[in-house]
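The structure under discussion appears below in the form of structure tokens.
The values are calculated or read from the model by the stated rules, or taken from the named source; none is laboratory data. Since the model is a prediction, treat every value here as computed from it, not as a measurement. Here Cβ is always computed from backbone atoms with ideal geometry, including for glycine, and neighbour counts include all displayed protein chains. Protein only, heavy atoms only, side chains kept; ligands, DNA and RNA dropped before computing areas. Shrake-Rupley method; radii C 1.70, N 1.55, O 1.52, S 1.80 Å.
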Amino acid sequence: MFQKWPWNWNAIIITLIFLKLLIIFNHKSLFPITSTAPSSHPFKSNPSFSCAPPHHSYPFCNTSLPIETRAQSLISLLTLHEKIQLLANNASAIPRLGLSAYEWWSESLHGIASNGPGVSFSGPIRAATSFPQVLLTTASFNKSLWFSVGRAIGFEGRAMYNEGQSGLTFWAPNINIFRDPRWGRGQETSGEDPMVASAYAVEYVKGLQGEDLVGGDGGFMVSACCKHYTAYDLENWGDFRSFSFNAMVSKQDMEDTYQPPFQSCIEEGGATCLMCSYNRVNGVPSCADPDLLQRTRRDWGFKGYITSDCDAVAVIYEEHKYAKAPEDAVADVIKAGMDIDCGTYLSRYTQLALEQGQIQEEDINRALSNLFSVQLLLGLFNGDPSRGHFGKLGREDVCTLEHKKLAIDAARQGIVLLKNDKNLLPLKRTTITSLAIIGPSANDSSQLGGDYTGVPCNPISLFEGLQPYIKTTYASGCGDTRCNSSDGFAEAVRISAEADAVVVVAGLDLSQEDEGRDRTSLLLPGKQMDLISAVSSASERPVILILLGGGPIDVSFAKVNPQIGSILWIGYPGEAGGQVVAEIIFGKFIPGGRLPITWYPESFSSVPMNDMSLRPDPSRGYPGRTYRFYTGEVVYEFGYGLTYSNITYKFISVPDNITILSTTSKSGPSKLTTHKTLDGIDYIHVNEIASCNLLKFEVQISVFNHGDMDASHVIMLFGRASTSIRGAPRKTLIEFTRVHTESLNAIQVNIGIDPCKHFSIVNDDGVKILPLGNHLLMLDRLEHSISIGL
């Protein structure tokens, strides 16, 4: 071999010495202490990339060819063994074709996270912006904010890829419905309303993927993944586990609640990935259900790849016992339309499934075509990534000042004021000189992120955030969030009695709610309630209660206790939580968030968590779920949230009647005059209305700020049919927007209404129908009736 290559060893040695000296000279810039160190020539930790010389002449590397042509070219060059090795999340390198190994699993739920093997914080980038957990960001009810957060995460994801510290396929957002308040992963979602979850999915995905930044060439900055498809919202409750749970879902609930976020994520958001879930749906594992998976392509136009949740293929055999052998599970998912396995089953058992004739090589080629198409759109086979659309992004584009300000803004807009008796908040620094903050999470910034958190940029605790404003003392009160002992109560009581103002931080953390961990109670953990009572009794003034965590908490005792003057829900506020909470307490920012979930009383804990029904059933004492159907008492309702200001509304312009003309019907006048009846109410199938656009109208609303402070405010317009119809929601959120209001001034807001979308309901067969007759628009205490007729 050496005789074929006349090596110049002296030149090689001199070159190596030069490179070593160069590395020594630049070692400080290679590994900066912070991730924001400027660098005009960013170091690339992973210079290896596909389609590098001498392999760049393959047709799949030719950027002038169509994506499909390039994908098929690559497939034609692979051996069967090589194809199988590319069906796992840790796809193998193919050296003979110049293909680099690729890790598909990276996470970016509310910032680049370290959960998956695709992300590392051990290179030149040591941190990434940690935004509030999704549920709190959702509480802002600000679509443009959701887009901006997605966009910032996308930039940081691409920058980390360029530095060799992540992949480009990020498995977020989680768009499941927060159906049960005990669910440990509810914190990751955008709440219980399918319209809100849909809107969040669209904005986050569009922001993250950055398709609008590429221009007319096609392609994406990174890939987003809608998960977990579908009806997944249980971890570990009683005898039920996510790995073996069989979600029994009616057609009505499926089309009305569980599926809309996924449909929107694909149709409107343009997501390039879909993740099928662990659970079965009506007896069939999600990843092995051809009707479920192929519907996304046939009806919704999905063109990306479908991945399993991690080990979701294995559980089809090992937990569900749905397949009789591992190779049967592999055949089931491949034939159903799944493309890649986050796990090892496909790499281990696909060959056997082929030999048994359960699948054909064409099935594998289909999966690879979907995978390669996304990789091609991301530019992974375009050669040197530094020459691509986003090749200049690097370490200086992570933890930027702009992104850190956005994290602050997201926390500000999301935090919800639940109680403010006698306008206790904001505190006036002229009347108090000292403050005590109590609680095991009050001086621990690591508790502010929630799950799927990476390494935040510059986190500060709640205690640290208050110190620039006032002399602050701290006591934990409890050893940790579990609060199994009252040993620390005495110190907490002592400093509370000495301070002018007292803040108690209570609530949840990941020891209470997390992936794999559901709650069994909606009360505060351990002796937290006793701690709050002891401190509030010792304090000279009413205390401020701060609730940390994702899931709803029954704080009925605090709601009615006059010694607890204010309550703030801060969710998991991310790296900026400490700063923002202090700003709100002292009036630098006015809270305006709204709850994206219903806060149920502890009695709801008796409702079986495995019951997937949304609608109530009085015959068995079942109260229903979510604000749209729940008939029981609440602690705080969906959409609840106070402000330091006083806002009123007035309808300026809204129609009284809407007429569906015969020309708007696909079936003509004869069909419209023979409309159907449900519970005595006439209705029309929405799919029989030829052009719903002709029915659209705008509602004009006046919003007046009576307070002495400017305020950011959320407007929530609800609707319902004025006559009770079986299975119809009690009310449903039609639209929302967030506006800025100036003190003692009014603004006009226009909200678009699409009756086919906003006034329709889903019947027992899972079909959308539009009831005729009166419908109510509800805005706070205002109501307006609109009649829909022929």
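Values as computed for the structure displayed
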{"quantity": "From the options E362, E402, residue that is surrounded by fewer than 17 Cβ atoms within 10 Å (Cβ to Cβ), in contact with a helix residue (DSSP H, G or I) (Cβ under 8 Å, 6 or more places away or on another chain) and part of a helix (DSSP H, G or I)", "calculated": "E402"}
{"quantity": "Test: residue in the range 368-378 that is in contact with a strand residue (DSSP E or B) (Cβ under 7 Å, 6 or more places away or on another chain), more than 28 Å from A127 (Cα to Cα), part of a helix (DSSP H, G or I) and open to solvent by 20 Å² or more (accessible area, probe 1.4 Å)", "calculated": "yes"}
{"quantity": "Criterion: touching a residue at least 40 places away in the same chain (Cβ under 8 Å) and open to solvent by 10 Å² or more (accessible area, probe 1.4 Å) - qualifying residue of F262, F240", "calculated": "F240"}
{"quantity": "Qualifying position, being small (G, A, S) and either part of a loop (DSSP other than H, G, I, E, B) or within 28 Å of T472 (Cα to Cα) (or both), among S386, S446", "calculated": "S446"}
{"quantity": "Listing of strands (runs of 3 or more DSSP E) fully contained in the range 660-718 that carry 2 or more residues being modelled with pLDDT of 90 or more", "calculated": "681-685, 697-705"}
{"quantity": "Helices (runs of 4 or more DSSP H) enclosed by the range 54-139 - at least 1 residues per element that are open to solvent by 60 Å² or more (accessible area, probe 1.4 Å) and charged (D, E, K, R)", "calculated": "67-77"}
{"quantity": "S223 vs. criteria over 29 Å from P616 (Cβ atoms), buried (at least 20 other Cβ atoms within 10 Å of the Cβ) and within 16 Å of the chain's Cα centre (by Cα)", "calculated": "yes"}
{"quantity": "Some residue of the range 507-524 being in contact with a Gly (Cβ under 6 Å, 6 or more places away or on another chain), assigned to a strand (DSSP E or B) and surrounded by fewer than 18 Cβ atoms within 10 Å (Cβ to Cβ)", "calculated": "yes"}
{"quantity": "Cross-chain or 6+ apart pairs with Cβ under 7 Å, the range 516-528 first and over 24 Å from S476 (Cβ atoms), then aromatic (F, W, Y) and open to solvent by less than 10 Å² (accessible area, probe 1.4 Å)", "calculated": "D518/W183"}
{"quantity": "Strands (runs of 3 or more DSSP E) fully within the range 724-772 counting 2 or more residues that are charged (D, E, K, R) and open to solvent by 30 Å² or more (accessible area, probe 1.4 Å)", "calculated": "732-741"}
{"quantity": "Per-region count, the range 630-666, residues of a type in the set (F, W, Y) and surrounded by 21 or more Cβ atoms within 10 Å (Cβ to Cβ)", "calculated": "3"}
{"quantity": "Tabulated pairs, the range 382-411, first under 24 Å from L145 (Cα atoms) and aliphatic (A, V, I, L, M), second open to solvent by 40 Å² or more (accessible area, probe 1.4 Å) and not in a helix (DSSP H, G or I), C-beta under 9 angstrom, 6+ apart or interchain", "calculated": "V398/T36; L401/T36"}
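Residue-wise test of (1) within 27 Å of F220 (Cβ to Cβ); (2) part of a loop (DSSP other than H, G, I, E, B).
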| residue | (1), (2) |
| --- | --- |
| W300 | yes, yes |
| T307 | yes, no |
| A314 | no, no |
| E327 | no, no |
| I334 | yes, no |
| M338 | yes, yes |
| Q351 | no, no |
| G357 | no, yes |
